Amino acid sequence: MSSEWIVKIMVTYWPMFIRGAGITLLISIVGTIIGSLIGLGIGVIRTIPMPERGIKRILLKLINAVTAVYIELFRGTPMIVQAMVIFYGSALAFDIQMNRMVAAIFIVSINTGAYMSEIVRGGIISIDKGQFEAAQAIGMNHIRTMLNVVLPQVIRNILPATGNEFVINIKDTSVLNVIAVSELYFQTKTVAGNNFRYFESFFVALILYMIMTFTITRLLRYIERKMDGPDDYIMLANQMQLETPEDALRRMKNSDGNRI
């Protein structure tokens, strides 16, 4: 490996690398957001209590069956195969000519949604059942319970897993080069084809991927710490308490002094 060639490649082809990194981030961000919304919706639907009888029971079973097929299909097949089938298959079978960027975002979104739906479902199941019972006791239905009680906790709990999906999407966008999306891997392959310095070209791409994933990981950890609140948090008195913890501690110290 020649350091001179690495510098030369970066100086000469930096617009292509930056353009590819930008498209990679765009597809990853939009795909992760849409996929998380899909997963959130499916996760909530799959945790709806099953009615004992009636049309609602049949409808819910049908929806659960469809979502189960969707989850198994997109979790059980590689994204590169999904990209080929969706982009080229839709053109051959249904004469649907998709824009490459739209197809890329669509593929990443539905793939992410399949994984996020199970993550969200696991997050909902992890919430204590007593909270569901308490919400039902004060007259909340399933949707209101989810919006007001459960989902705020679930979103915090699944944030690390969501960040992990984001990082995976940044790397997995490289498979979209099979449908000629000009993301970072595609641009790097073009650069390497121009100068025939494959090792040096992909070493630059490696550094860019590392910078993107490292930055995103640190940003998400910062957000997690902000959501956790300060480490020196002290719970204040509620409406039923007659004194604050500070007052109670002061009273105990005074009583110890009086005994002495």
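None of GLY122, GLY113 is buried (at least 18 other Cβ atoms within 10 Å of the Cβ), small (Gly, Ala, Ser), under 17 Å from ILE45 (Cα atoms) and out of contact with any Ser or Thr (no Cβ under 7 Å at 6 or more places or on another chain) except GLY113.
Testing MET101 on (1) closer than 24 Å to LYS226 by Cα; (2) hydrophobic (A, V, I, L, M, F, W, C); (3) open to solvent by 40 Å² or more (accessible area, probe 1.4 Å), one condition comes back false. Which one is that? So the condition that MET101 fails would be (1).
Considering only residues that are open to solvent by 30 Å² or more (accessible area, probe 1.4 Å), of a type in the set (D, E, K, R) and touching a helix residue (DSSP H, G or I) at 6+ places or on another chain (Cβ under 8 Å), which ones fall in the range 168-220? Listed by number, the residues that qualify are LYS171, ASP172, LYS189, ARG197. In the set (1) of a type in the set (Phe, Trp, Tyr); (2) farther than 24 Å from LYS171 by Cβ; (3) open to solvent by less than 50 Å² (accessible area, probe 1.4 Å), the condition left unmet by TYR70 is number (2).
Between THR77, THR47, the distinction of being more than 25 Å from VAL167 (Cβ to Cβ) and either within 21 Å of the chain's Cα centre (by Cα) or open to solvent by less than 30 Å² (accessible area, probe 1.4 Å) (or both) belongs to THR47 only. Based on this model, can you work out whether SER182 counts as out of contact with any strand residue (DSSP E or B) (no Cβ under 6 Å at 6 or more places or on another chain) and either without any contact (Cβ under 8 Å) to a residue 12 or more places away in the chain or in a helix (DSSP H, G or I) (or both)? No.
Just the residues that are in contact with a helix residue (DSSP H, G or I) (Cβ under 6 Å, 6 or more places away or on another chain) and of a type outside the set (A, V, I, L, M), please, taken from the range 116-131.
The answer is SER117, ARG121, GLY123, GLN131.
Listed here are the helices (runs of 4 or more DSSP H) enclosed by the range 28-101 that have at least 2 residues being within 29 Å of MET212 (Cα to Cα): 55-75, 79-84. Only one of the numbered conditions (1) in contact with a Lys or Arg (Cβ under 7 Å, 6 or more places away or on another chain); (2) at pLDDT 85 or above is not met by THR47, and that is (2). Scanning the range 144-153 for residues that are in contact with a helix residue (DSSP H, G or I) (Cβ under 7 Å, 6 or more places away or on another chain) and without any contact (Cβ under 8 Å) to a residue 60 or more places away in the chain yields THR145, VAL149, VAL150. A count restricted to the range 16-27 and to residues that are more than 11 Å from SER201 (Cα to Cα) and either among the small types (Gly, Ala, Ser) or open to solvent by less than 50 Å² (accessible area, probe 1.4 Å) (or both) stands at 7. Scoring VAL30 on the criteria (1) of a type in the set (A, V, I, L, M); (2) closer than 17 Å to THR173 by Cβ; (3) open to solvent by less than 40 Å² (accessible area, probe 1.4 Å) leaves a single failure, condition (3).
The values are calculated or read from the model by the stated rules, or taken from the named source; none is laboratory data. Note that the structure is predicted; figures quoted are calculated from it, not measured. Cβ: placed from backbone, ideal geometry, glycine included. Neighbour counts: every protein chain shown. Just so you know, the surface numbers come from the protein's heavy atoms only, side chains and all, with ligands and any DNA or RNA stripped out. Shrake-Rupley method; radii C 1.70, N 1.55, O 1.52, S 1.80 Å.
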